[in-house]
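None of the figures in this text is laboratory data; all of them are computed from the coordinates on show. Owing to the predicted nature of the structure, the values given are computational and were not obtained by experimental measurement. Here the Cβ positions follow ideal geometry from the backbone for every residue, glycine too, while neighbour counts run over all protein chains shown.
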């Protein structure tokens, strides 16, 4: 069960992470130290280029019209209905090829300014983007090249396809898949322009479409062309529907997966915080209980020192009093993390060495520079933080004979403690999660590095830097503010 404080901290962590992710998405990712251009700018440029390509295609593809007209005449002369159906397929493909860049460009531009999964009023306003751009592009083709593009029912259905594909892709599955889905929709609707029975309803009013339907009437194959066109339309629209269904299922799967991941992360963080809170409470109770007998010992030793006449007795009681006083200081630092006392860098290094020497972790070699600055720290927590780093380094080296090297030096009036190991190093993926509570590359609690960062960075205003690459070991540097004395 999380405490109220832990729950509030958990929510605050999630909010900070969301703000950080949002900011990174707005700035764009880093590649080789440089930020890539914002995706919105790239996609906008792509949409404009596709619109221009679609307009230019109005003139660039006119040479194909002449070949298709000749093919229609050949089908009539040869009385070949099969050839006529093939020409109908080619005309449908050409019509799709001409208009597809226009619709794709409008689709991409719409996606940049209509939030995917956003509120419906804003999305409906955004749907006017393709509704305006596509007819204006048709008009531009007519004015610039003199090519009459018919904005009939297939064009309107294609516009509807743009909106449907956008509405279905609340979680983006990739531009290629969405463009392919829309392409299938558009190709299917264009087939309706080949059906003679739909001509009176605004379908297939372009010159090539009319030529194909007139040829079918001349060959008395209108029924065949109707069936061919409707079946083809149903086939390709059906494929588009299946692809759209895949996008919906994918969206739901991703949505469910993200909810599960968020829930698992929340439970993991709650468990870690609960463990930390329980451990801290138990430790504080234990330490508090230790103070009572220590106070008694200190008082009795003082009495012995006052009543005894022997010089040795006074010397021994003085040493006991000093030890008890040091224990009291340590207990105070454990109970109150904000407690600070000034120690020399050499004394702090000596206490760290004393702590790890009795831990049976294997070889640890200390290298002390001269001079070393004084620091004002919570000695107990600082020793524990550095000891965690040394223990992790020893674990990373496994059974290796080389010792963990601990270098204590001064740099820019800071006390620097380098913990160097020759282990396997840390992968870039693990580096990103290194200080996350609960993360560990080994079978451990994963709290040691997080605790070290909390003590060094958050409590003492220092820094904790990691230099590591797979295969060449790891160096972790602790920097604590200080001053040369």
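Brief remarks follow.
- Going by neighbour counts of Cβ atoms within 10 Å, the residues 476, 304 line up, fewest first, as 304, 476.
- Measuring r between the beta carbons of residue 176 and residue 80 and using R0 = 45 Å, the FRET efficiency lands at 0.75.
- By the count of other C-beta atoms within 10 Å, a proxy for reagent exposure, 191, 228 are ordered fewest to most as 228, 191.
- Cβ-Cβ FRET estimate between residue 338 and residue 249, R0 fixed at 45 Å, reported to 0.05: 0.25
- Protection proxy ranking, highest mean first, for peptides 258-266, 181-189, 457-465: 181-189, 457-465, 258-266, where packing is the per-residue count of other beta-carbon atoms within 10 Å, averaged.
- Computed from the alpha carbon atoms alone, the convex hull of region 339-483 holds 106 Å³ per residue.
- Point-to-point label distance, residue 400-residue 235, nm (Cα→Cβ direction, 7 Å offset): 6.5
- Mean Cβ count within 10 Å, highest first, over the residues of peptides 382-395, 420-433: 382-395, 420-433
- The length gained by stretching the chain between residue 43 and residue 297 to full extension, at 0.36 nm per residue less their Cα-Cα distance, is 83.8 nm.
- R0 of 51 Å, Cβ-Cβ distance residue 224-residue 458: FRET efficiency to nearest 0.05: 0.05
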